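Below is one structure, written out as structure tokens; the observations come after it.
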């Protein structure tokens, strides 16, 4: 059973945000670029054709949490060259969001990023969205020893690095499976996606992050 939700948002002192398709719309053509580069990498390294590379990419994401984790565990891939290559994309497809920035800035307490991408990649996304300079910490997959969400060890390592208090923290994520461990650890969870996903470990849902944050602020 998921831990009880704090009685008010006033109990939250650390706000943890995923990056991809959480701090920008899922309709933005960013992650398809990454997936295409992943497929090209797999083709080059394993010598398979595009359909097989895409099948492997999807299976590794499902089975291991990320494509990289599958490459590392099944083929001993070096994570750093892979991550540099697949994140070499066009960030101009993202637009600044001053309303989201204002809502984030107004949140009381610490604000941190935790992504299965790298911290440098996260900084590029934040810059393109006009969200730079407002974060107390940016945690990437490298800070979890390349172990990805939703693995418990990844959350444990990053949260320990951050020093957050789980019972006084909230996590915002587009992927429902990435909220199960935070909920079990005591965080309040918010699923950010166009369609709700009903599960005991999801405490809140929003299809509009800016509006949701404004609601928290007005209730405070």
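The values are calculated or read from the model by the stated rules, or taken from the named source; none is laboratory data. What you see is a predicted model, and the numbers here were worked out from it, not measured in a lab. With ideal geometry, Cβ positions are generated from the backbone for all residues, glycine too; neighbour counts draw on all protein chains shown.
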- Query: How about segment 153-210: which of its residues are within 17 Å of residue 13 (Cα to Cα) and assigned to a strand (DSSP E or B)?
  - Reply: 169, 170, 171, 172, 188, 189, 190
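In this structure, does residue 108 turn out to be farther than 25 Å from residue 177 by Cα, assigned by TED's automatic domain parsing to the domain that holds residue 135 and out of contact with any helix residue (DSSP H, G or I) (no Cβ under 6 Å at 6 or more places or on another chain)?
Details: farther than 25 Å from residue 177 by Cα: yes; assigned by TED's automatic domain parsing to the domain that holds residue 135: yes; out of contact with any helix residue (DSSP H, G or I) (no Cβ under 6 Å at 6 or more places or on another chain): yes.
So residue 108 fits the description; yes.
Mind checking whether some residue in segment 17-30 is free of Cβ contacts under 8 Å to residues at least 60 places away in the same chain, within 30 Å of residue 105 (Cβ to Cβ) and over 15 Å from the mean Cα position of the chain (by Cα)? Break it down stepwise before answering.
Taking segment 17-30 and keeping what is free of Cβ contacts under 8 Å to residues at least 60 places away in the same chain, we get 25, 27.
Within this subset, residues satisfying the condition of being within 30 Å of residue 105 (Cβ to Cβ) are 25, 27.
Checking which are over 15 Å from the mean Cα position of the chain (by Cα) leaves us with 27.
Yes, the conditions are met somewhere in segment 17-30.
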- Considering every residue within segment 103-116, establish whether at least one is surrounded by fewer than 17 Cβ atoms within 10 Å (Cβ to Cβ), over 16 Å from the mean Cα position of the chain (by Cα) and not in a loop (DSSP other than H, G, I, E, B). yes
- Item | Number of the exception - residue 135 against (1) under 18 Å from the mean Cα position of the chain (by Cα); (2) surrounded by 19 or more Cβ atoms within 10 Å (Cβ to Cβ); (3) on the phi < 0 side of the Ramachandran plot | (2)
- Message: Considering only segment 80-101, I want to know if a residue exists there that is surrounded by 15 or more Cβ atoms within 10 Å (Cβ to Cβ), over 21 Å from the mean Cα position of the chain (by Cα), on the phi < 0 side of the Ramachandran plot and not assigned by TED's automatic domain parsing to the domain that holds residue 207.
- Response: no
- Message: I'd like to check something: does segment 29-39 contain any residue that is exposed (fewer than 12 other Cβ atoms within 10 Å of the Cβ) and closer than 19 Å to residue 124 by Cβ?
- Response: yes
